[in-house]
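The values are calculated or read from the model by the stated rules, or taken from the named source; none is laboratory data. Because the structure is a prediction, the values reported are computed rather than measured. Cβ sites come from the backbone with ideal geometry, for glycine too, and all protein chains shown count toward neighbours.
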Amino acid sequence: MPVVKVMLVDDEIPFTEALAKRLSKRDLTVISAFSGKEALEKLKDDSSIDIVILDVKMPGLDGIQTLREIKKSHPLVEVIMLTGNATVESAIEGMKLGAYDYLLKPCDMDQLMAKVAEAESKKAMHEEKILEARMKDIAMRRGL
């Protein structure tokens, strides 16, 4: 099974570094970004990122704005929203914009790992459906 590649996006550098170490110990490939802008640049340069764990409250491009841009340019990347100050409104908005799920900081590692596994399964299922549709299209064009 391929290694899951996760990008952590949070402006709190010590939190991000600590979480990156904990996730790396659980056999995930982890890259970090410390702003929404940096996250979007890294996603543009690395198409192998599967899941983004994204803080809601960040200066500049906040998590909701970053989520919107991720879903525009990388619709198959699953996004798990994290926040220290959850509001029902931002949770609902994030889910409407396509976030996979929403967790409170500090989150339980087992819960986060379960969400990462679920998000990866969903992404793999979408990719498989796209591949099947392409294969059917090719077969139809060739009269098979």
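Data for the structure
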item: Selection within segment 11-62 - among the acidic types (Asp, Glu), modelled with pLDDT of 95 or more and under 18 Å from Lys115 (Cα atoms); result: Asp50
item: Residue, farthest from Leu67 (Cα to Cα), within segment 102-144, restricted to residues that are of a type in the set (Gly, Ala, Ser) and in a helix (DSSP H, G or I); result: Ala139
item: Residue check, Ile49 of a type in the set (Val, Ile, Thr), under 23 Å from Asp110 (Cα atoms), within 12 Å of the chain's Cα centre (by Cα) and surrounded by fewer than 21 Cβ atoms within 10 Å (Cβ to Cβ); result: yes
item: Evaluation of Thr66 against (1) surrounded by 17 or more Cβ atoms within 10 Å (Cβ to Cβ); (2) at pLDDT 90 or above; (3) farther than 27 Å from Ile130 by Cα; (4) of a type in the set (S, T, N, Q) (one fails), failing number; result: (3)
item: Entirely in segment 16-101, the strands (runs of 3 or more DSSP E) that have 1 or more residues that are charged (D, E, K, R) and in contact with a strand residue (DSSP E or B) (Cβ under 9 Å, 6 or more places away or on another chain); result: 51-55, 78-83
item: Residues that are farther than 22 Å from Ser121 by Cβ and either among the aliphatic types (A, V, I, L, M) or not in a loop (DSSP other than H, G, I, E, B) (or both), drawn from segment 1-15; result: Ile13, Pro14, Phe15
item: Near pairs, Cβ below 8 angstrom, 6+ apart or cross-chain, from segment 55-72 (over 15 Å from Met95 (Cα atoms) and in contact (Cβ under 8 Å) with a residue 24 or more places away in the chain) to any residue that is of a type in the set (D, E, K, R) and in a helix (DSSP H, G or I); result: Gly60/Lys37; Leu61/Lys37; Leu61/Glu69
item: Ser32 being among the polar types (S, T, N, Q) and surrounded by 16 or more Cβ atoms within 10 Å (Cβ to Cβ); result: yes
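Here is a yes/no grid of residues against (1) closer than 21 Å to Lys5 by Cα; (2) exposed (fewer than 13 other Cβ atoms within 10 Å of the Cβ); (3) out of contact with any helix residue (DSSP H, G or I) (no Cβ under 7 Å at 6 or more places or on another chain); (4) aromatic (Phe, Trp, Tyr):
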residue: Ser90; (1), (2), (3), (4): no, no, no, no
residue: Gly94; (1), (2), (3), (4): no, no, no, no
residue: Tyr100; (1), (2), (3), (4): yes, no, no, yes
residue: Leu104; (1), (2), (3), (4): no, no, yes, no
residue: Cys107; (1), (2), (3), (4): yes, no, yes, no
residue: Leu112; (1), (2), (3), (4): yes, no, yes, no
residue: Val116; (1), (2), (3), (4): yes, no, yes, no
residue: Ala133; (1), (2), (3), (4): no, yes, yes, no
residue: Arg141; (1), (2), (3), (4): no, yes, yes, no
